[in-house]
Amino acid sequence: MELTEDCVAEPAAAVASPAPALAAPVSAKRSWSRLLPEPGAQRAIALATFVNTFGSGMFMTSSTLYFTQMVGLSTANYALGLFVGSMVGLVASLVIGRVADRVGARETQIAVMLSGAAGMSCFMFVSVFWQFMLVASLMGLVYAATTSSQAPLIRGFGGAQPAVYRAYLRSVTNLAMALGALGAGVAIEIGSRSAYLTMIGGRAAAFAGCALVLTRVPHLAPVRGAALTGRWQAMRDRPYLVATGLNACMSLHFAVPTVLLPLWIVEDTHAPRWMVSGVFVLNTVIVVCLQVRVSRGVEDHRSASRRMLWAGLAIAAGLTLTGAAAGVPAWVAVALLLAGTAVYTIGELWHAAASMEYSFGLAAPHLQGQYSGVFGIGTGVAQALAPSVVGVLPLRLGTPGLILLGLLFLGVGAVSRPLLSLALRHVDPAKGAVAP
């Protein structure tokens, strides 16, 4: 799952093998400390990420069922609200990225997290569709701004091996989301309104806790002159825009664990309801255990595009297995759902490795916030479309819909390398940007 909900959203937003693979960014003084980055900024950012995404795991796993079954929103209205929120967040992603570059990433993200705490609290009082759309729009701003304000911090304090640290943070993200999902599983099993509201309140508290932890991160001085001369440079960088578009298309799959699977399991299979959390946790555990290892060797756009192809293949296979879980006995459905989730997650890992290289490796270092804002626009588009593309349409078509969805991701993976290679022919190496 990606930093989709506030990574990814959510996303996504919006987000592995933690021990021996992290030799560079971690201390070896004690065996348990191998799981932690260096003391100081790296560790504080990791802790803030853990707190924030723990709340994300609670909310993402339970929110679809809460708003459709407790509040009474139709699946179409729920998807529409998420679409509007994501569209509202598109502008914020770019603007907040520039603010983070010019004012300071730490201060910007603290403000974003506090806004998230306030907005999430409002979700607890939603009872009709227009209220849901209003709060979803506010949270769309928060989710979009989260990634673009965090990216300069990750780049600024990433250490000698920033790619490894980024993969480590994604492992932390998914570990926290798994633990949050366990709490959400309890709420889903209880099935009461108060249990779901506890999850929403916990998400608001996680936003506030993240803001508190971020006060321990040193101030990251903005590069003012570079930010001014590079005004909207990312919007003119054709290779980066192509990479953003490819990643956006592939990122539609991040709605599979959060939107498609909960509804598919509850409404179209005979599997027990606890499988909603079961597949979410399985997905997360695989990411935690393998993300750093899978990210090795992804060092340029060619290796990243190769991973995109592999991702398309695995996601297509995973969705096919998941689709086969409809209409079969409960124990068969459980086996197919677990197998489908495992195969799908391998594809998610390959996509995440490619996405991180696209986002950071193709960006101008002194304008990381701005570039991440542009990348976030692509993610925002994916978040806006994902509930309909990944949720509504496949659920209406049944198993054939899941197979067709898998073929979509396979196609995106197949065209990634030729399209990006073509765009990079126009790059001026001396400027590190697109030649006029």
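The values are calculated or read from the model by the stated rules, or taken from the named source; none is laboratory data. No experiment lies behind these values; they were computed from the predicted model shown. FYI the Cβ positions are ideal-geometry reconstructions off the backbone, even for glycines, and counts take in every protein chain you see.
Can you pull out the residues in segment 151-210 that are of a type in the set (A, V, I, L, M, F, W, C), outside any helix (DSSP H, G or I) and more than 20 Å from Gln109 (Cα to Cα)?
Once the filter is applied, which keeps residues that are of a type in the set (A, V, I, L, M, F, W, C), outside any helix (DSSP H, G or I) and more than 20 Å from Gln109 (Cα to Cα), segment 151-210 yields only Ala160.
When you scan segment 167-178, do you find a residue that is under 22 Å from Glu357 (Cβ atoms), among the charged types (D, E, K, R), at pLDDT 80 or above and surrounded by 24 or more Cβ atoms within 10 Å (Cβ to Cβ), even just one?
yes
Might you check whether a residue that is within 20 Å of the chain's Cα centre (by Cα), among the charged types (D, E, K, R) and either surrounded by 24 or more Cβ atoms within 10 Å (Cβ to Cβ) or closer than 30 Å to Val95 by Cβ (or both) occurs anywhere in segment 192-203?
Residues of segment 192-203 within 20 Å of the chain's Cα centre (by Cα): 199-200, 202-203.
From the residues that got through so far, the ones that are among the charged types (D, E, K, R) too are 203.
Imposing the further condition that a residue be either surrounded by 24 or more Cβ atoms within 10 Å (Cβ to Cβ) or closer than 30 Å to Val95 by Cβ (or both) reduces the set to 203.
Taking every residue of segment 192-203 in turn, at least one turns out to be within 20 Å of the chain's Cα centre (by Cα), among the charged types (D, E, K, R) and either surrounded by 24 or more Cβ atoms within 10 Å (Cβ to Cβ) or closer than 30 Å to Val95 by Cβ (or both).
Within segment 251-265, is there a residue that is among the hydroxyl-bearing types (Ser, Thr, Tyr) and part of a helix (DSSP H, G or I)?
yes
Using the structure shown, decide if Ala386 is under 12 Å from Met250 (Cα atoms), modelled with pLDDT of 80 or more and touching a Cys at 6+ places or on another chain (Cβ under 8 Å).
It is false that Ala386 is under 12 Å from Met250 (Cα atoms), modelled with pLDDT of 80 or more and touching a Cys at 6+ places or on another chain (Cβ under 8 Å).
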